[in-house]
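This report refers to the structure that appears directly beneath it.
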Amino acid sequence: MGQHQSDGHHSQGSSHANHASDGHHETHHELGFWRTYVFSVDHKVIGLQYGITALVFLFIGFTFMMLMRWNLAYPGQPIPVLKHIWPYFGSAVDWIRIHMAGASASTFAQESLPDGALDPTFYNQLGAMHGTIMVFLGVVPLAVGAFGNYVMPLQSGAPDMAFPKINMASYWSFLPGGILMLLSFLLPGGAAQSGWTSYPPLSVVSPGQTAWLIGMIFLITSSLLGSVNFIVTIVQLRAPGLTFFEPGKRWFGFPVPSQSFPFFVWAQFVTSFLLLLAFPPLEAAGVLQLMDRVAGTSFFMPSGLVVSGKALEYAGGGSVLLWQHLFWFLAHPEVYVLLLPAMGIVAEVIANNTRKPLFGYKAMVGATMFLGFMSFIVWAHHMFMTSMGTVISAFFQTTTMIISIPSVIILTSLIISLWGASIRFNTPMLFALAWMPMFGIGGLTGLPLGLSATDIPLHDTLYVIGHFHYVVAPGTIFALFAGIYYWFPKVTGRKMSEKLGQLHFWPSLLCMNGIFMPMLFQGMAGMNRRLADGGAAYTHVQHVLWMNELMSWSAWILALAQIPFIFNFFRSIWWGEKCGDNPWQATTIEWSAPSPPGHGNFLAPPVAYRGPYEYSVPGQESDFSPQFLPDSALAAKPAPAAGKA
Amino acid sequence: MTETHAHMHDFEHHKNLYIKIFAALMGLTVLTVGAKYLNIPIVSVTIFIAVLIAAIKASLVALFFMHLSAERKIIYVMLILMVLCVIGLFLLPTAMQHGPITGTTASPLSVAGSRANGAGHGRGGEEAPLAAGTTPADSAAEAGAHQLESGAADTGAAAAAASTTETPSKENH
Amino acid sequence: MVAPAPSVTPATLPTSCGSDVVIQYVDKPRPDTGVTNAKLGIWLFLASEVMLFGALFSTYIVIRSGMPADLWHSFNHNADGSTLLSIPMATLNTVFLITSSITMVMAWAELMRKDFSRHRLYLGATVLLGCCFLVVKYFEYGAKFEHHLYPSTNNFLAIYFTMTGLHVIHVIGGLLVNAYFLFPGAKMWMTEPDRFTGRIEVSGLYWHFVDLVWIFLFPVLYLM
């Protein structure tokens, strides 16, 4: 892997895809700007497009939450600064609504921030869109679209995705869906306001929902195209030497995973199956709800529904619970879509920085597959309050308790991997280490919700919010940050600053807990979720109201804590410390490619000669034996062989 | 598989097979339509016959037209995963079998604080958090479920409710 | 811990011609899995489609079983006891789709023995039969609308229009793909015959699936 650094093609920025460097290519057509950076079929460019878009959406979703948190801490009080700017913004929205969306009149500023204070309806819109954006437009695209697209083919030794054009279509289906979601604020009546779960009948009769549903159909199509691509790429385009199972070996009749693929690839593989098989029921549900709204059907509309004293013009006979079943049939596997890539990233970072093989790799892979399968039959634990009957409840309780076992296997394996290691505490490792207790808290607080008896008092309280935010906010986003810091050198050829990284990490860790820990207490005190005034009207939660201010300030300081990250990110793209192909002295195949990898990824077709985590192999001089080097290369050059620039 | 099919004599063999399958599918179509016109009084028997014939037809298409009778192992593995998930999916109606869903309630369920249309939002005060300050989607939906379950499930009530909504309803014809 | 080096030798270098990286196994199956990329891809896609239609069939069961039997009967029958939906029309459509399935598989079989002109004949027949299906569906929908029977009328019609509508969208999608391979896409036969045969096979798999969905829709909506 040497001579690529040639021809000074490090044009900066995050997209260097199309530089067919060395003499491998007989012809070298320069693609134009549009084909290189916008309508690119290169998995790396698409991965970066996903990544940047997802980070922007995460920022937008976070902004919504910061607005909401003002009203939770100081209900009914005007928002400082914003109250002066908002009328100008409002008149722009009014202009769009009247001239482009066909509204006869619009008073957006007055509807959303009357006198500078947040309107409860607008609060609902922000809440619904915060959830939707964070889950479907932020974390999933970042975890699967960005890391999956960029890293997975490199780790599997593939030159690109199996279907590059479908990969492009996936992104260009995702982006319109996301933009439509955002633009729905400009529609008369505003954005969807029934929560990210969109429970009918409220969602069917609320404005903004149609745009939400159409946006979701775009996003589901995008993830469908992506997941087919991922699975085919892993199965068909993996490098020689990468295998799934040990031939002929059985453990209680089950195939035994072979020490071959990096855990991250396994995680993406299982995730793709979840996306492939769990999203279609939501697509069906989305179509049905769209029919309810547009064609006036009554799939989710019960008979005799009266809204605001007016009988609804629906034939009736539908079932509101049907939506919940279909929605959670997707949305529980969706949790693992968020989690598994995060676990994959953490596993990579931990193995690399402990300089040890992962403990229990095979058990982890087996647990991942079991997790994926079980996630399809636990969905109704979100619905214990819907009078399912004891038999059904007992079934779903049991499956829910069972599904916690594989999660614990993975987490425990990662913790034991730390045992006896001389750990390198760099920024990715800090985030990966912090991920473990954060995910642990998220997982453990979930257990009371999975048992129907304890779920009854906790259901729909802030406890639920605290629980799943521990899972998806620090529990996933910390892993994603670890991934950004870890693979940044591969993408740009430069390292991010360690000092700024630490400045990002410590306040983030503190503030994340400052936001979500009090939620658990408030929830146990009986405070409902989705209260625009933060529970001020509830007499029984007055003693925990003071926490609202703590949580809000934590959220705003968390925003400030992201400034070092953003600065670090952009500074490092251009002025970061230059590093070689393998700055972390890692073993997996992506580090054999040039940094940044050119079109086609590898200079020579990679072969996996050994397992993915051969760190500190006894008898070897070097403390890492890369997967991509033959034994002869290791014997001849026991010193760091791949790390040369 | 590709190679094995490439031979000429194989072609004639496969052509004959496809024609046989085609004839079987046509025959089964006639059978299933014929069974309908028998007007079997027991609904479950009608359903059983129709689904059975459809399953046979679908298997023929999948096995021979889609060549599942001689496919690679990886496709089977993948389809087994799918079948497991489909079983999960059909758990769904089972999980919902806890009472009729069409029955109407004696007093119509009203959704507090929701707006039927975009125009004219009524804003609730802070003292009524569930009415305006929240999205009571979950609670409302669940409350609906409880009410519906307890409601009487007789056809007459449903028909009456349907007619009050002033939507053309088939049973009124 | 060091596993023995795999005996597999590196495959030939995926060459790049500037704009496109050459992806392996687009025309020939990968030796150890035995399938091409497209074939695995289409089966994954079909698995996903099974879940989509499976969810709709689940919905059908929920809606129907949540309704008293005589109410359901009143929804899908006329006052004189005849069925609301036209069984003859649906039977005709079943015949069209089943026939188009066999022409599709023949179009592929003819390609396998390198008879391109007969392949086009069969593929053309497939497209034609698909269009016939759409024409019948047009008249069927038209007749319903004429009698003021809309999706909003009742939940039987709602599920009928939703399921058949989604199926019709799938039929149109298949027709577009087949029409593409019939005309502009056919030139690939000259340059990459194996890949083109693979494409017809994949398109055929999708078309058979559309047929398969109809095989279930027909009894479920018309005969039960």
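Only the coordinates and a few stated rules stand behind these numbers; no lab work does. These numbers were taken from a predicted model, which means no experiment stands behind them. Heads up, the Cβs are rebuilt from the backbone with ideal geometry, glycines too, and the neighbour counts pull from every protein chain shown.
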Kindly express, to the nearest 10 degrees and within the range 0 to 90, the angle between helix A:82-99's C-alpha long axis and the longest C-alpha principal axis of chain A. 80 degrees
Scan segment C:40-136 for trypsin sites (Lys or Arg not before Pro) in coil per DSSP, keeping those whose Cβ has at most 13 other Cβ atoms within 10 Å, and list them by number. C:LYS114
Violating pairs (Cα-Cα greater than 27 angstrom) within the set A:LYS44/C:LYS114; C:LYS28/C:LYS114; A:LYS44/A:LYS578; A:LYS44/A:LYS495; A:LYS165/C:LYS28: A:LYS44/C:LYS114
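Just check segment A:517-565 against the gyration tensor rule for me: Cα atoms, a ≥ b ≥ c as the square roots of the eigenvalues, rounded for a/c under 1.5, and otherwise prolate or oblate depending on whether a/b exceeds b/c.
Numbers: a/c = 2.88, a/b = 2.53, b/c = 1.14.
Prolate, because a/c is 1.5 or more and a/b exceeds b/c.
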One point scatterer per Cα, no solvent, Debye formula: log10 I(q)/I(0) for chain A at q = 0.05, 0.06 Å⁻¹ comes out as -0.23, -0.33
Mind checking the alpha-carbon convex hull of segment A:141-224 and giving the volume per residue in Å³? 90 Å³
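Among A:LYS356, A:LYS490, B:LYS15, which comes first, then next, by fewest other beta-carbon atoms within 10 Å?
Ranked by crowding around the Cβ, least crowded first: B:LYS15, A:LYS356, A:LYS490.
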Note down the relative contact order for segment A:366-500 as a percent, whole number, built from C-alpha pairs under 8 angstrom at least six residues apart. 26 percent
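So how do A:PHE299, A:PHE565, A:PHE33 line up by other beta-carbon neighbours within 10 Å, fewest first? Don't skip to the answer; put the middle values down first.
On the way: A:PHE299 28, A:PHE565 21, A:PHE33 8.
Placing the least packed residue first, the sequence is A:PHE33, A:PHE565, A:PHE299.
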Between the helical axis of A:478-492 and the dominant principal axis of chain A, each derived from Cα atoms, what acute angle in degrees is found, rounded to the nearest 10? 50 degrees
Taking the Cα centroid of segment A:258-328 and of segment A:117-135, what is the distance between the two, rounded to the nearest whole Å? 20 Å
Distance from segment C:195-215 to segment A:560-626 (C-alpha centre basis), Å: 42 Å
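Can you give the alpha-carbon Rg of segment C:95-219 over 2.2 N^0.38 Å, where N counts its residues?
That ratio works out to 1.20.
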Over 5 Å intervals from 0, what percent of Cα-Cα pairs in segment A:447-581 sits in each interval? 2, 10, 16, 17, 14, 11, 9, 8, 6, 4, 2, 0, 0
How many angstrom lie between the C-alpha centres of segment A:410-432 and segment A:194-214? 43 Å
On average, how many beta carbons from a partner chain sit within 10 Å of the beta carbon of a residue in B:70-76? 5
Spin-label pair C:ARG118/A:TRP95, simplified geometry with 7 Å Cα→Cβ offset, distance in nm: 6.8 nm
Based solely on C-alpha atoms, express the radius of gyration and the Dmax of segment A:299-351 in angstrom. 20.1, 62
Please list the helices of chain C that count as membrane-span-like by this rule: a mean Kyte-Doolittle hydropathy of at least 1.0 together with Cα atoms stretching 30 Å or more along the helix axis, each helix being a complete DSSP H run. C:37-65, C:87-112, C:155-182
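So for A:HIS43, B:HIS67, A:HIS599, fewest C-beta neighbours within 10 Å to most, what's the order? Write out the running numbers ahead of the final one.
On the way: A:HIS43 29, B:HIS67 20, A:HIS599 26.
In order of increasing Cβ crowding within 10 Å: B:HIS67, A:HIS599, A:HIS43.
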How big, on average over all directions, is the shadow cast by the Cα convex hull of chain C, in nm²? 18.5 nm²
Correct semi-axes for segment C:87-130, from √(5λ) of the alpha-carbon gyration tensor and rounded to whole Å with the largest first, are 25, 8, 4
Relative contact order (percent) for segment A:493-645, with alpha-carbon contacts under 8 angstrom and 6 or more residues of separation? 24 percent
On a 0 to 90 degree scale, rounded to 10, what angle separates helix A:498-524 from the longest Cα axis of chain A? 40 degrees
Each label point is 7 Å from the Cα along the Cα-to-Cβ direction; what then is the distance between the points at B:ILE42 and C:ILE169, in nm? 4.0 nm
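How long are the three semi-axes of the equivalent ellipsoid for segment A:53-162, computed from the Cα gyration tensor as the root of 5 times each eigenvalue, in whole Å, largest first? Could the numbers behind the result be given before it?
Working: eigenvalues 272, 64, 21 Å².
So the three semi-axes of segment A:53-162 are 37, 18, 10 Å.
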